[in-house]
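Undergrad: So that we are looking at the same thing, I have put the structure below in structure tokens.
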Amino acid sequence: MMANPDYDWRLSVRGAGEALVLVPGMDGTGQLFYRQTPSLSESFRTATYALRSTATAMDVLVEDLGRVVDTVAPDTRRAVIVGESFGGALAMSFALARPTQVSALVVLNSFPYFAPQFRLRLARYGLACLPWGAMRLIRRATAFHLHSAHTHRQEIRRFMELTASADRQGYINRLQVLMSYDIRNRLHDLRPPTLFLAAEHDHLVPSVQQAELMVSRVPGATLRILHGHGHICLIAPDVDLRGILLPWIERTGL
């Protein structure tokens with residue numbers, strides 16, 4: 001656990017070896033990596049943490065991630081950074097701002113720019129007006145649209161329970177962050193070895209299209225498509241980040 005005067009980081013670290021930090025998506029809780037952390041911690045010193053709900057600028061979140069890396073890897077101040085969706089945008093922004101702190105970069109179902117922008121504005125307005133108690137019903141109604149088709153029902157129920165702790169302010173502020181986020185013209189500046197993962201049936205973000213764009217601009221980047229999967233795929237039974245990362249790391253000679 002790591003204290004900070006501004007907010008509760010909810011930092012959790014397990015395992016030993018090279019540091020690896022999992023950067024959460026729009027929910028910001030850091031808890032949706034629960035299926036991946038046990039196996040990852042067999043090979044890495046694996047950290048999850050919560051995003052600051054009050055942050056309205058990417059720079060603030062980049063600073064926060066830097067503190068997490070410093071805490072998890074105090075000797076080297078470097079880590080493998082794995083970001084999912086919004087977390088992928090943050091991970092790439094961090095790699096651009098602090099390349100020496102990223103030993104490798106893994107980006108899942110993310111993008112260098114979110115389009116169309118009107119969807120962000122509409123979502124911010126809707127979240128501001130929505131009775132927060134109805135959010136659980138919306139998550140339930142959209143589950144088929146976001147999850148992998150073969151994700152077990154009990155995993156979706158756990159997803160619902162874990163995301164219930166996400167707060168309205170965090171969602172709204174992260175949507176605001178995306179409204180000023182655009183690194184399309186800076187992708188060629190990403191220097192760490194980079195792996196893009198894209199779900200084949202992502203109905204929230206055109207992940208495969210976005211990943212193909214990014215891999216064409218990031219020097220030496222690798223693309224792997226997760227066939228049969230939707231946007232929220234890390235709780236699906238056949239996605240094993242450790243099994244994906246270790247062969248890639250070996251091939252890249254990290």
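Undergrad: If you rank Thr222, Thr76 by how much accessible surface each has, with a 1.4 Å probe, what is the order from largest down?
TA: Thr76, Thr222
Undergrad: Provide the percentage of antiparallel DSSP beta bridges, counting only those with both residues in the chain; round to the nearest 5.
TA: So the antiparallel bridges amount to about 15 percent of the total.
Undergrad: How much area per residue is accessible in segment 1-130 when the probe is 1.4 Å and only protein heavy atoms are counted (Å²)?
TA: Heavy-atom SASA per residue in segment 1-130 reads 38 Å².
Undergrad: Follow-up question, since we're still on this one. Assuming R0 = 35 Å, what is the FRET efficiency of Glu63 and His150, from their Cβ-Cβ distance, to the nearest 0.05?
TA: With a Förster radius of 35 Å, E is 0.35.
Undergrad: Could you check how much of the accessible area of segment 60-139 is carbon and sulfur, as a whole percent, using a 1.4 Å probe?
TA: Carbon plus sulfur share of accessible area: 62 percent.
Undergrad: Here's something else I'd like to know. In whole Hz, with x marking every Gly and Pro, tabulate ³J(HN,Hα) for segment 109-126 from phi via Karplus 6.51 cos²θ - 1.76 cosθ + 1.60, θ = phi - 60°.
TA: Values, residue by residue: 6, 10, 6, x, 6, 9, 9, x, 5, 4, 5, 5, 5, 5, 5, 5, 5, x Hz.
Undergrad: What FRET efficiency do you get for Ala128 and Tyr34 if R0 is 22 Å and r is their Cβ-Cβ distance, rounded to the nearest 0.05?
TA: The pair Ala128/Tyr34 has a calculated efficiency of 0.15.
Undergrad: Which one is right for this structure if P(r) over Cα pairs in 5 Å bins from 0, in percent is calculated from it: (1) 1, 6, 12, 16, 18, 18, 14, 9, 4, 1, 0; (2) 1, 6, 14, 19, 21, 19, 13, 6, 1, 0, 0; (3) 1, 6, 12, 15, 16, 14, 10, 7, 5, 4, 3, 2, 2, 1, 1, 0, 0?
TA: (2)
Undergrad: Here is a further query. Sticking with the crude label model, points 7 Å out along Cα→Cβ, report the distance from Phe118 to Ile138 in nm, one decimal please.
TA: Those two pseudo-labels are separated by 1.9 nm.
Undergrad: Any idea of Arg121's accessible area? Nearest 10 Å², probe 1.4 Å.
TA: Number for this one is 130 Å².
Undergrad: Calculate, in nm to one decimal, what Leu162 and Arg224 gain on full extension: separation in residues at 0.36 nm each, minus their alpha carbon distance. Mind dumping the intermediate values first?
TA: Numbers: separation 62, 0.36 × 62 = 22.32 nm, distance 2.77 nm.
Going from the current span to full extension adds 19.5 nm.
Undergrad: Positive end of the dipole of segment 206-254, charges at C-beta (+1 Lys, Arg; -1 Asp, Glu), about the Cα centre: which of Gly243, Cys233, Ala221 has its Cα farthest in that direction?
TA: Ala221
Undergrad: Among Asn109, Asn185, Asn173, which one shows the biggest mean-square fluctuation in a GNM of the chain, springs joining Cα atoms closer than 10 Å?
TA: Largest GNM mean-square fluctuation: Asn185.
Undergrad: Separate question: Any chance you could look up the accessible area of Phe118 with a 1.4 Å probe, heavy atoms only, rounded to 10 Å²?
TA: 120
Undergrad: Mind giving me the nanometre distance, one decimal, between the label points for Gln176 and His188, set 7 Å out from Cα along Cα→Cβ?
TA: 3.4
Undergrad: Ok, one more. Compute the FRET efficiency between Arg10 and Ala97 as 1/(1 + (r/R0)^6), taking r as their Cβ-Cβ distance and R0 = 22 Å, and round to the nearest 0.05. Write out the running numbers ahead of the final one.
TA: Working: r = 23 Å, r/R0 = 1.05.
Approximately 0.45, to the nearest 0.05.
Undergrad: Here's another thing I want to ask about it. On average, how much accessible surface per residue is there in segment 161-254, in Å², for a 1.4 Å probe, leaving out ligands, DNA and RNA?
TA: Details: 4330 Å² over 94 residues.
Result: 46 Å² per residue.
Undergrad: Then there's this: Given an 8 Å cut-off on Cα distances and at least 6 residues of separation, report the relative contact order of segment 147-235 as a percent.
TA: 40
Undergrad: Quick check: the distance between the Cα centres of segment 14-71 and segment 165-225, to the nearest angstrom?
TA: Segment 14-71 and segment 165-225 have Cα centres spaced 17 Å from each other.
Undergrad: Shape verdict for segment 26-79, please, from the Cα gyration tensor: rounded (a/c under 1.5), prolate (a/b greater than b/c) or oblate.
TA: oblate
Undergrad: Sticking with this structure for a sec: Carbon and sulfur atoms: what percent of the 1.4 Å accessible area of segment 179-218 do they account for?
TA: 46
Undergrad: Note down the accessible area of Glu200, probe 1.4 Å, to the nearest 10 Å².
TA: We get 80 Å² for Glu200.
Undergrad: Can you show me the helix-derived [θ] at 222 nm for the chain, built from DSSP H runs with n ≥ 4 at -39,500 (n - 2.57) apiece and divided by the number of residues, rounded to the nearest 500. Let's see the in-between values first.
TA: Details: 10 runs with 101 residues, N = 254.
Only helices count here, giving -11500 deg cm²/dmol.
The values are calculated or read from the model by the stated rules, or taken from the named source; none is laboratory data. Predicted, not measured: the structure shown is a model, and the values here were computed from it. Here the Cβ is made from the backbone with ideal geometry for all residues, glycine too, and neighbour counts use every protein chain on show. The area values use the complete protein model at the heavy-atom level, side chains included, leaving out ligands, DNA and RNA. Shrake-Rupley method; radii C 1.70, N 1.55, O 1.52, S 1.80 Å.
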